[in-house]
Amino acid sequence: MSTTPDWIMIGGEGPESYNQHSSYQRALLEAAKDKMNEAIYAKLNLELISDRFSVADFGCASGPNTFVAVQNIIEAVEDKYRRETRQNPADNIEFQVLFNDFANNDFNTLFQALPPGRQYYSAGVPGSFFEHVLPKKSFHIGIINYAFHFTSKIPKGITDRDSPLWNKDMHCTGFNQVVKKAYLDQYSIDTKKLLDARAEELVPGGLMLIFGSCLRDGVNMSETSKGIVMDFIGDSLNDLAQQGFIEQDKVDSFSTPFYFAEECEIRQIIEENGKFTIEAFEDIIHPNGEFPLDPKILAVSFRASFGAFLSAHFGHEAMRKAFELVEVKARKEISRIQKAKPGMQYFIVLRKN
Ligand SMILES: C[S@@+](CC[C@H](N)C(=O)[O-])C[C@H]1O[C@@H](n2cnc3c(N)ncnc32)[C@H](O)[C@@H]1O
């Protein structure tokens, strides 16, 4: 059993919340919308659109991006139905949306913000998406937005100072091959479990639509802007330890449960798993480029995503101070971020075999 706290977003709708600081993740949904519509039109069997149509969002957080994602999907399904049957989908189809995330995700904020006038029924599905969370053949299209880089735990040895696998950095920078292999192995095991579970829960012919970010082949994480900011977070925690604000031991044994894979690694994992066919793997040009190049926005948006996890390890005050330092570092080194190697935003369409 892992002792790592769940990696959840900062809940609520306050100034630190993911709800207020997730426009970067939302922009990918918008940038890939036309491609998604085309994929649903071309790859979803018309026979699947009847009576009750279920959409499931895995790693939905507390909104509002999940509402954009599911609305886009429902509109694309309705459009296909209308064009191919010349009938009104509202007369024949009921939509259901299943919102999945960890049980301690802020589902209250999510449900209170459900869009008024929505044309779907909703239900929360608590639990880790690496396990089965839904009955067999219970949904038609699944979506994952910016949650396909997580692992179920930190690989063994990574946080242990006495292990040859000890990682003094707080994430997988890509430069230490032993550490990289440990992370990739864990990521591969977990992602195959995720695919196995979704393959059982999807109806035959159902689709998984996966949006997120990965590395271009041969690029190390810390050569990208996102990796550089993660390094700033680790450096800031070290600064706080040196100031005696938090314990150095705790910083040395702190690591993050995710791995940004190279494109070829993602393809290989999906192919080895064998439960899905890759129908599309698109490189999406994100309106913000690789990342917004404003030190404040960078610090605030990373805080919304990393803050709850850091607070669980070091306390809220240390987390807050760490991100103040991240902003200072980002301001000082903005030209390094500007010159970073590009990452990749992707849209993957998987069809259940
Ligand atoms: C960066 S957020 C993305 C949220 C949302 N999909 C969006 O587009 O804004 C990642 C989400 O994945 C969730 N997550 C991470 N690991 C998970 C797991 N094993 N099971 C379920 N949810 C998980 C986190 O709790 C978080 O809400």
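Some observations on this one:
- Which listed residue is surrounded by 17 or more Cβ atoms within 10 Å (Cβ to Cβ) and under 24 Å from the mean Cα position of the chain (by Cα), from 262, 272: 262
- A single entry from 282, 327, 263, 272 fulfils the requirement of being among the acidic types (Asp, Glu), more than 29 Å from residue 189 (Cα to Cα) and at pLDDT 95 or above: 327.
- Matching option when the condition is closer than 23 Å to residue 302 by Cα, open to solvent by 10 Å² or more (accessible area, probe 1.4 Å) and of a type in the set (Gly, Ala, Ser), among 188, 222, 255: 222
- Test set (1) touching a strand residue (DSSP E or B) at 6+ places or on another chain (Cβ under 7 Å); (2) within 20 Å of residue 192 (Cβ to Cβ) - residue 154 fails condition number: (1)
- In this entry, residue 206 is excluded by the filter for residues that are buried (at least 21 other Cβ atoms within 10 Å of the Cβ), under 16 Å from the mean Cα position of the chain (by Cα), closer than 29 Å to residue 45 by Cα and in contact (Cβ under 8 Å) with a residue 12 or more places away in the chain.
- When the range 93-114 is limited to residues that are more than 15 Å from the ligand (Cβ to nearest atom) and open to solvent by 40 Å² or more (accessible area, probe 1.4 Å), the one that is nearest to residue 69 (Cα to Cα) turns out to be 96.
- Output for the range 25-70, where each listed residue is touching a helix residue (DSSP H, G or I) at 6+ places or on another chain (Cβ under 7 Å), within 11 Å of the ligand (Cβ to nearest atom) and not in a helix (DSSP H, G or I): 57, 60, 62, 63
- Scanning the range 156-170 turns up no residue that is in contact (Cβ under 8 Å) with a residue 40 or more places away in the chain, open to solvent by 10 Å² or more (accessible area, probe 1.4 Å), within 16 Å of the ligand (Cβ to nearest atom) and over 16 Å from the mean Cα position of the chain (by Cα).
- Looking across the range 175-190, the residues that are within 17 Å of residue 217 (Cα to Cα) and either of a type in the set (A, V, I, L, M, F, W, C) or not in a helix (DSSP H, G or I) (or both) come down to 175, 176, 184.
- One residue stands out among those in the range 232-250 that are touching a residue at least 24 places away in the same chain (Cβ under 8 Å) and open to solvent by less than 30 Å² (accessible area, probe 1.4 Å): the one that is nearest to the chain's Cα centre (by Cα), which is 233.
- Considered as a group, the residues in the range 130-139 that are open to solvent by 20 Å² or more (accessible area, probe 1.4 Å) and not aliphatic (A, V, I, L, M) include one that is farthest from the ligand (Cβ to nearest atom), and that residue is 137.
- Flag for residue 224 being within 24 Å of residue 190 (Cβ to Cβ), under 17 Å from the mean Cα position of the chain (by Cα) and among the polar types (S, T, N, Q): no
- Residues of the range 231-273 that turn out to be of a type in the set (S, T, N, Q), assigned to a loop (DSSP other than H, G, I, E, B) and under 20 Å from residue 214 (Cβ atoms), as a count: 2
- The set of residues in the range 173-220 that are within 14 Å of the ligand (Cβ to nearest atom), touching a Lys or Arg at 6+ places or on another chain (Cβ under 9 Å) and within 25 Å of residue 231 (Cβ to Cβ) comprises 186, 190, 213.
The values are calculated or read from the model by the stated rules, or taken from the named source; none is laboratory data. As the structure is a prediction and not an experimental result, all values here were calculated from the model. Virtual Cβ from ideal backbone geometry, glycine too; neighbours counted across all protein chains shown. SASA here: full protein model, heavy atoms, side chains in, ligands and nucleic acids out. Shrake-Rupley method; radii C 1.70, N 1.55, O 1.52, S 1.80 Å.
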